[in-house]
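Trainee: Before we start, here is the structure in question, set down as structure tokens.
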């Protein structure tokens, strides 16, 4: 999977070592299952990246702590045991975050140049560090056409930027709306 410049830029803003970023990039390029997870064998990765298994474990801990990966242990079949699967997550910065929310209602504000105001309830970012009881966002132009499936009460996820000032936090530039069940690494 090709990594966008925006993702690489957001990754560089994370408080992690370049070697840890390098591991995340390689994990992201692995072939993944439909749910976004890939099998992760620590010894194979240590060999591939010419690092010790202990270093790989330390890098994984750093990626988990900064919420750049999600770990899951799965059984791979009868008598094969349980293995670690990893899903890389999009790096979050104020310019690019993933939010989850329940859609409360939609209002058409302008019919000439279509503008819809979305009202959300129980809004939180992926890491759970930012929460809003209620907030609104505007959708304009082409974004509206792709969101005809939106219904009040539906749990959704979307990408947005966050504007933080002393008075408030505000969600801006909402894009990539989809049902929350379809969320995995964007």
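Trainee: Condition check: closer than 21 Å to residue 93 by Cβ and either in the same structural domain as residue 67 (by TED's automatic domain parsing) or modelled with pLDDT of 85 or more (or both). Does residue 17 satisfy that?
Mentor: Working: closer than 21 Å to residue 93 by Cβ: yes; either in the same structural domain as residue 67 (by TED's automatic domain parsing) or modelled with pLDDT of 85 or more (or both): yes.
So residue 17 passes the test.
Trainee: Quick check: is even one residue across segment 39-55 crowded, with 19+ Cβ neighbours inside 10 Å, in contact with a strand residue (DSSP E or B) (Cβ under 7 Å, 6 or more places away or on another chain) and either in the same structural domain as residue 156 (by TED's automatic domain parsing) or assigned to a strand (DSSP E or B) (or both)? I'd like the intermediate steps shown before the answer.
Mentor: Step one: filter segment 39-55 for residues crowded, with 19+ Cβ neighbours inside 10 Å, giving 40, 45.
Remaining after also requiring in contact with a strand residue (DSSP E or B) (Cβ under 7 Å, 6 or more places away or on another chain): 40.
With either in the same structural domain as residue 156 (by TED's automatic domain parsing) or assigned to a strand (DSSP E or B) (or both) added as a condition, the list becomes none.
No: zero hits.
Trainee: Give me a count of the residues in segment 3-36 that are free of Cβ contacts under 8 Å to residues at least 60 places away in the same chain, over 15 Å from residue 87 (Cα atoms), part of a loop (DSSP other than H, G, I, E, B) and under 16 Å from the mean Cα position of the chain (by Cα).
Mentor: 1
Trainee: Out of the residues in segment 70-89 meeting the condition of being surrounded by fewer than 21 Cβ atoms within 10 Å (Cβ to Cβ) and touching a residue at least 40 places away in the same chain (Cβ under 8 Å), tell me which one is farthest from residue 29 (Cα to Cα). Working first, answer last.
Mentor: Our first condition is that a residue be surrounded by fewer than 21 Cβ atoms within 10 Å (Cβ to Cβ); within segment 70-89, this holds for 70-85, 87.
Cutting the leftovers down to touching a residue at least 40 places away in the same chain (Cβ under 8 Å) gives us 83-85, 87.
On the way: 83: 19, 84: 17, 85: 14, 87: 11 Å.
Filtering first and then ranking leaves 83.
The values are calculated or read from the model by the stated rules, or taken from the named source; none is laboratory data. On a predicted model such as this, the values are computed, not experimentally measured, just so you know. When we count neighbours, we look across all protein chains shown, and the Cβ atoms used for this are built from the backbone with ideal geometry, even at glycine.
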